[in-house]
Every structure is written in C-alpha cells, then in structure tokens.
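The values are calculated or read from the model by the stated rules, or taken from the named source; none is laboratory data. Not measured: the values here are computed from a predicted model. Reconstructed Cβ throughout: ideal geometry from the backbone, glycine too, with neighbour counts over all protein chains shown. For accessibility, only protein heavy atoms count, side chains too; no ligands or nucleic acids. Shrake-Rupley method; radii C 1.70, N 1.55, O 1.52, S 1.80 Å.
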Amino acid sequence: MEICNACRYCEGYCAVFPAMELRRAFSDQDLNYLANLCHNCRGCYYACQYAPPHEFGINLPKVFAELRVQTYAQYAWPAPLARAFERNGVLVSLIAAFGVAAVLILTMLLQSSGVLYSAHVGPGAFYTVIPYPVMLVLSAITFVFALLAFAMGFRNFWRDTGGGPVDGRAIGRALHDVFTLRNLGGGGHGCNDLDESFSGARRWLHHAMFYGFLLCFAATCTASLYQDFLGMRPPYGWFSLPVVLGTAGGIGLLVGTVGLFGMKLIGDPAPTARRLLGMDVALLMLLAATSLTGLLLLALRATAAMGVLLAVHFGFVLALFLVLPYSKFVHGVYRSAALLRYAVEMTPSRASSSSSAAS
Ligand code: SF4
Ligand code: SF4
C-alpha cells in the first residue's frame, strides 16, 4: 500500500485507491477494510509496473484475496466457528453431501415407498412427501441462524474498522455500488476477467448469480404469502408469481454459477490465490446444485420423481443456509460493509477532514 500510495497509477480503477489515498499509514484494520473493498477485478495487476517479476512483486488481487479469508475468520460469529474457514472447500462439500443424504434417508425411513415413489398432484402435493411443519421449522431455524451470523459479522467488521455513524446518503451510495457492482467495471473499460484483455463477463455473470439468488428468495416469500394469507397451497401454476420468479431466479443462478466456475478454470492463475480455489468452487457448486434440483423439481413435479427430487432439493437448501455464513458467500456481507465505510469516508465533510489530516 505504501508503494501504491506513492505511485497512484491505478487510482481510477476502483474504490481501493481513493480510500488508500486518505491514509499515510496502514493499520491492520485499514488493511482489512481495503482488502474487502477490493472486488478482485485484477486490473491493477496487469497495469502494474512493479508486478512480478519486478523485485517489489506487487500483486494486490492475490494478497487481498488471502487477507480477505483471514478477515472472514476474524469477524465470524460465533467465534469458535471461525475454524470453518480452514479447509473450507472440503467442509462445505461434506455438509452439502450430509444435508442431502440426511433428508433423503429420513424421508425414506418416515414415508412408505408408495408415497415416495408415486406421483402426487393438486394442492398440498409436496407436503404428502415432507410434512409442512417439518419443512417450516427446519427452514426457519437455518435461515434465522444464517441472518443472525451475517448481522453479527457485519457488526464485528464495522466496529473493528472504525465504527461511527452512517447517514442516509452514504447508505444510498453504498447500495448503488453493491447493486451495480460498479467496482467490477475497471473504471469503465471492464475487468481483466481471464488475462490482460478487458471484458464485462464476470460482472454480468455475477449479476446473474446475485439477482438469481434474490429472485429465488422472492419466490419463496411470495409462495409463503400465497399459502399463509391467501390459503393457496403449492404446487402453483406455471404463470403464478412464485413459479415465474423461481424459474427466472433458478436459471440466473445456474447460468451465473456455472459461468463463474468456468472462468476460474481457464483464467490466468497469476493474480489469484490458488489455494483458496476450493472455497470458491465448493460454494459455486452448492449454489448450482440447489438451482438445478429446484428447476428439475419444477419440471417433474407431476411425475413419480417428485418425491426423491423434493428430498434432494430440500437437503441442498438446508445445507446452503447452514454453510452460507461460513463460506465464500460472506464476501458479499463484508464487501457491502466496506462499500458503506467507503461511502461514509467519501461524503464531503469526512473526505475534506481526512484529506486535511493526511496533508
Ligand atoms: S498496483 Fe502498481 S501500478 Fe497500481 S498503484 Fe500500485 S504500484 Fe502503482
Ligand atoms: S484487483 Fe481490481 S478491485 Fe482489487 S485493488 Fe486491484 S483494481 Fe481494485
């Protein structure tokens, strides 16, 4: 950072460099903040005259990626579960396998084969296989726990990197940066997704995954409204709101995760932390498996395959919510917190006082 602060060649690329320029010295907390502000676009690596083989060996995307994982463990809640970030790819894969196996075996044990392997149609068909109270309680426990862990992690990050009040303008600016992924734009010309050439592919694939996930969540919420307030039990028609939202979300999630996985396989490994690949791939595969089994369940819900597909999909969903706070998914939480801190720092009053302090 001290070399970059003297050089400043990359200051238009992303938020990291303007945030860096507000500082003369870099505490551990500053570095945690800057590492999470980095969107791993890799632009500064290919632009840098001090990148390897230069003796300075500047490789910000790689160093920041390694530091980010340390921050995930440092801010994790509850603290003893921070160890989940060690050998994370293996852990996420094991929990996913266990979640699917547990739901499948329990369904087979508790339901007769006549129920599990027969076609069920009409309102409440899914609940013939897995009773509604079981679905509701297990989903609610894992979902609420994941939300709580995210909120506590966000709070830990915010306090450690300086705390302080937040105004509506800063929140608006941060939300804009989160929802547009502005920092994956490389300052306007795109990212170095695969090598030194520029493209917007990673940004759009990330959008497909992110908005796909949100649409799937919206589908679940609207399905709950249909059931609990309108008294309409699933499965719903092809053109009903839950099915339209879920189909669009599932396709977006699948396209985004598979595309990002492909980019990781063929991209230049030099600016990446290869030892963290397992963590990335495990989450992408879990998200892809959840969306794929959801789409298959939708397509085959009127057939005898519905029972097994429902158990497998529900197992993936439970595993996903269990591991979300201890997987690569948390980068969204800490990156959002870093963007909020950046927005606070860049409001005119803060920026001018920080600049005069730096001067
Ligand atoms: S990454 Fe390299 S080129 Fe960019 S600001 Fe730092 S030292 Fe300068
Ligand atoms: S990799 Fe991209 S986002 Fe990260 S510091 Fe470099 S230019 Fe900024």
Worksheet item: Here are some conditions: (1) farther than 30 Å from Phe126 by Cβ; (2) modelled with pLDDT of 95 or more; (3) surrounded by fewer than 19 Cβ atoms within 10 Å (Cβ to Cβ). Tyr211 meets all but one. Which one does it not meet?
Response: (1)
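Whether any residue in region 152-165 is assigned to a helix (DSSP H, G or I), more than 24 Å from Ala19 (Cβ to Cβ) and free of Cβ contacts under 8 Å to residues at least 24 places away in the same chain is what I want to check. Quick ask: steps written out before the conclusion?
If we filter region 152-165 for residues that are assigned to a helix (DSSP H, G or I), which is where we start, we get 152-160.
Now drop any that are not more than 24 Å from Ala19 (Cβ to Cβ), which leaves 152.
Still in the running and free of Cβ contacts under 8 Å to residues at least 24 places away in the same chain: none.
Scanning region 152-165, I find no residue that is assigned to a helix (DSSP H, G or I), more than 24 Å from Ala19 (Cβ to Cβ) and free of Cβ contacts under 8 Å to residues at least 24 places away in the same chain, so the answer is no.
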Response to the item:
Exception for Thr161 within (1) open to solvent by 80 Å² or more (accessible area, probe 1.4 Å); (2) over 20 Å from the mean Cα position of the chain (by Cα) falls at (1)
Fill in: Given (1) away from ligand 2 (no atom under 16 Å from the Cβ); (2) outside any helix (DSSP H, G or I), index of the condition Val103 fails
(2)
Response to the item:
Exactly one of Leu310, Leu276, Leu298, Leu318 is in a helix (DSSP H, G or I), open to solvent by less than 50 Å² (accessible area, probe 1.4 Å), in contact with a helix residue (DSSP H, G or I) (Cβ under 8 Å, 6 or more places away or on another chain) and within 30 Å of Asp193 (Cβ to Cβ), and that residue is Leu276
Fill in: From Ala65, Ala79, Ala96, residue being buried (at least 17 other Cβ atoms within 10 Å of the Cβ) and farther than 11 Å from Val323 by Cβ
Ala65
Discussion item. So for region 12-26 (the condition being under 23 Å from Leu184 (Cβ atoms), open to solvent by 40 Å² or more (accessible area, probe 1.4 Å) and either within 8 Å of ligand 1 (Cβ to nearest atom) or polar (S, T, N, Q) (or both)), does at least one residue qualify?
Written reply: yes
Item to complete: Tally the residues that are without any contact (Cβ under 8 Å) to a residue 60 or more places away in the chain and either of a type in the set (Asp, Glu) or more than 10 Å from ligand 2 (Cβ to nearest atom) (or both), restricting the search to region 32-57.
Response: 8
Worksheet, complete the sentence: Picking from Gly262, Gly252, Gly246, Gly231, the residue that is open to solvent by 30 Å² or more (accessible area, probe 1.4 Å), without any contact (Cβ under 8 Å) to a residue 60 or more places away in the chain, farther than 24 Å from Tyr326 by Cβ and of a type in the set (Gly, Ala, Ser) would be Gly231
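Would you check if there is a residue in region 68-76 being among the hydrophobic types (A, V, I, L, M, F, W, C) and in contact with a strand residue (DSSP E or B) (Cβ under 7 Å, 6 or more places away or on another chain)?
Narrowing region 68-76 to residues among the hydrophobic types (A, V, I, L, M, F, W, C): 69, 73, 76.
Those still in the list that are in contact with a strand residue (DSSP E or B) (Cβ under 7 Å, 6 or more places away or on another chain) too: none.
No: zero hits.
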Response to the item:
Within region 166-205, restricting to residues that are without any contact (Cβ under 8 Å) to a residue 12 or more places away in the chain and in a loop (DSSP other than H, G, I, E, B), the one that is most open to solvent (accessible area, probe 1.4 Å) is His189
Item to complete: Check Leu136, Leu116 and return the single one that is open to solvent by less than 40 Å² (accessible area, probe 1.4 Å) and either over 17 Å from Phe316 (Cα atoms) or without any contact (Cβ under 8 Å) to a residue 40 or more places away in the chain (or both).
Response: Leu116
Fill in: Elements of type helices (runs of 4 or more DSSP H) contained in region 1-84, each with 2 or more residues being over 29 Å from Ser199 (Cα atoms) and acidic (Asp, Glu)
28-37
